[in-house]
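The values are calculated or read from the model by the stated rules, or taken from the named source; none is laboratory data. Because the structure is predicted, anything quoted here is derived from the model rather than measured. Note: ideal-geometry Cβ built from the backbone for every residue, glycine included; neighbour counts use all protein chains shown.
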Amino acid sequence: MDLKELGEFGLIERIKEALGGPMPDGVLGIGDDCAVLPQAGGMETLVSTDMLLEGTHFLRGDIPARLLGWKSAAVNFSDIAAMGGRPVGSFLSLGLPAGLDSDWMDAFLAGYKECSQYCGAPLLGGDTTTSQDGIAINVTVVGQCQSGRSRQRSFAVPGDLICVTGPLGDSAAGLQVILQGARGSEAAEALVQRHYRPVPRICEGQALAATPGVHAMMDISDGVASDLRHILKASDVGAVVRTEKLPLSAGMRQVCARQGWDATTLALTGGEDYELLFTMAPGTEPPVEYYAIGTVTEEKNLVWEGSSQDFIGFRHF
C-alpha cells in the first residue's frame with residue numbers, strides 16, 4: 001500500500017501504533033494540535049512542530065520572503081492558540097539550496113522575527129543544512145498554560161454549538177487569486193494578504209480556554225471539512241453543519257462572484273484561515289467574536305445541511 005492509499009490519517013495512526021507507546025501520567029501525545037507535558041507549579045508545557053516545503057506549501061516566486069518568514073512562524077504559533085496557551089519560544093530549522101540569495105534570507109528572517117515579536121515568543125534555537133531541491137522550513141514551538149486549561153480535540157459533547165472565530169475561505173480565495181492571475185482589485189489584494197499573512201488567534205484562544213462551557217478547540221489549517229472531522233473522531237461524536245451560517249467576508253463574496261468560484265466550497269475545504277474552530281455548550285458567551293455554524297450530535301456522521309455535497313478538506317497524501 002502506498003502512502004496515497006494509506007492517507008494522512010492512516011499514516012498518523014501507523015506512526016502512533018509504531019512509536020507512540022503508553023504515555024506518562026498527564027502527558028498528551030500524538031493526536032492534537034500540541035503535545036501537553038505537565039510542569040511543576042500548576043502549569044503545562046505545549047509543544048508543536050510543523051514543516052513547510054517549497055513546491056508543496058509555497059512557491060518561492062509567488063510569496064515575498066518577508067511574508068514567508070511571517071507565515072512560517074504564524075502557522076506554528078496558531079497551534080499554541082488552538083490549545084488556549086501562551087507562546088514561549090520557537091526553534092527554526094532550515095534546509096537551503098545552494099545559490100539562495102542572502103537578501104532573500106535577510107527578508108525571511110525579518111518576517112519571522114516580526115511574527116515572533118507579535119506573539120511575544122523569541123527564537124530559541126534550531127538547525128541549518130543544505131537542501132538538494134528547494135527550501136525546507138521546520139518550526140517547533142513551545143508554549144504554556146495553566147494545568148487543566150488546554151482545550152483538546154476530544155472534549156466535544158453532543159449538543160455543543162460548533163463555532164469559528166472569523167471569516168472562512170479568505171485564504172483559499174487568496175490562493176486562487178494568485179494562481180489564476182486575478183489580482184488587481186482591492187478585494188482581491190486583501191484576500192492575498194489573508195493567505196500570505198495569517199494572524200494567530202493567541203488572545204482569542206486564551207479567552208476561550210478560560211471560559212467555562214468551551215470544550216473542544218483546534219485551529220483551521222486544512223479547512224473546516226477536514227479539521228472538524230478531527231474533533232468528531234477524537235470526541236466520538238457527529239455533527240450537523242449549516243452551510244448558510246458560514247461567515248464569509250464581503251471581499252471574498254465579491255471576488256468569488258466575479259470569478260465564478262463557489263464560495264461555500266472554498267470556505268469549507270480551502271484551509272489556511274487559522275481561525276479557531278471550537279465547540280461550546282449552548283448559552284455560553286465567550287468574550288470573543290464568534291460565529292455558530294452547526295451542532296455536535298450523538299449520531300456519528302457529518303451532515304452538511306443546505307448542500308448535497310460531501311465536502312472534503314485538504315489532505316496531505
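Condition first: surrounded by fewer than 24 Cβ atoms within 10 Å (Cβ to Cβ) and more than 19 Å from the chain's Cα centre (by Cα). Can you find one or more residues in the stretch 191-210 that meet it?
Yes, there is a match, as at least one residue in the stretch 191-210 is surrounded by fewer than 24 Cβ atoms within 10 Å (Cβ to Cβ) and more than 19 Å from the chain's Cα centre (by Cα).
Just checking, does the stretch 273-287 include any residue being in the same structural domain as A210 (by TED's automatic domain parsing), among the β-branched types (V, I, T), within 16 Å of V237 (Cβ to Cβ) and surrounded by 18 or more Cβ atoms within 10 Å (Cβ to Cβ)?
So far as the stretch 273-287 goes, yes, one or more of its residues are in the same structural domain as A210 (by TED's automatic domain parsing), among the β-branched types (V, I, T), within 16 Å of V237 (Cβ to Cβ) and surrounded by 18 or more Cβ atoms within 10 Å (Cβ to Cβ).
Pairs needed: first member in the stretch 138-158, over 12 Å from L46 (Cα atoms) and modelled with pLDDT of 95 or more; second member anywhere, among the polar types (S, T, N, Q) and surrounded by fewer than 22 Cβ atoms within 10 Å (Cβ to Cβ); C-beta distance under 8 Å; at least 6 residues apart or different chains.
Sorted first by the residue in the stretch 138-158, then by its partner, the pairs are N138/T49; N138/S93; V139/T49; V139/S93; P158/T297.
I'm trying to understand the selection: among the residues of the stretch 270-288, which are part of a loop (DSSP other than H, G, I, E, B) and in contact with a strand residue (DSSP E or B) (Cβ under 9 Å, 6 or more places away or on another chain)?
Within the stretch 270-288, D273, Y274, E275, A281, P282, T284, P286, V288 qualify.
Residues are listed down the side, and each one gets a yes or a no for (1) touching a helix residue (DSSP H, G or I) at 6+ places or on another chain (Cβ under 9 Å); (2) surrounded by 16 or more Cβ atoms within 10 Å (Cβ to Cβ); (3) assigned by TED's automatic domain parsing to the domain that holds L277; (4) not small (G, A, S):
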position	(1), (2), (3), (4)
G89	yes, yes, no, no
S102	no, no, no, no
Y112	yes, yes, no, yes
L123	yes, no, no, yes
D127	no, no, no, yes
A136	no, yes, no, no
T140	yes, yes, no, yes
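Go through the stretch 200-269 and tell me which helices (runs of 4 or more DSSP H), entirely inside it, have 1 or more residues that are within 22 Å of V157 (Cα to Cα) and of a type in the set (S, T, N, Q).
Helices (runs of 4 or more DSSP H) meeting the threshold: 202-209, 224-235.
Count, please, the residues in the stretch 45-82 that happen to be at pLDDT 95 or above and over 19 Å from L109 (Cα atoms).
8
All but one of (1) at pLDDT 90 or above; (2) of a type outside the set (A, V, I, L, M, F, W, C); (3) within 22 Å of V88 (Cβ to Cβ) hold for P24; which doesn't?
(1)
Filter the stretch 211-229 down to residues that are surrounded by fewer than 22 Cβ atoms within 10 Å (Cβ to Cβ) and more than 23 Å from V142 (Cα to Cα), then give me how many there are.
Final tally of qualifying residues: 4.
I'd like to check something: does the stretch 120-137 contain any residue that is in a strand (DSSP E or B), closer than 22 Å to H230 by Cβ and in contact (Cβ under 8 Å) with a residue 40 or more places away in the chain?
no
Considering only the stretch 51-87, how many residues are in contact with a helix residue (DSSP H, G or I) (Cβ under 7 Å, 6 or more places away or on another chain), surrounded by fewer than 17 Cβ atoms within 10 Å (Cβ to Cβ) and assigned to a strand (DSSP E or B)?
0
Only residues that are in contact with a Ser or Thr (Cβ under 7 Å, 6 or more places away or on another chain), farther than 30 Å from V214 by Cβ and of a type in the set (D, E): list them for the stretch 69-104, please.
Within the stretch 69-104, no residue meets the criteria.
If I filter the stretch 27-44 down to residues being surrounded by fewer than 18 Cβ atoms within 10 Å (Cβ to Cβ) and in contact (Cβ under 8 Å) with a residue 24 or more places away in the chain, which single residue comes out as farthest from the chain's Cα centre (by Cα)?
My answer is G42.
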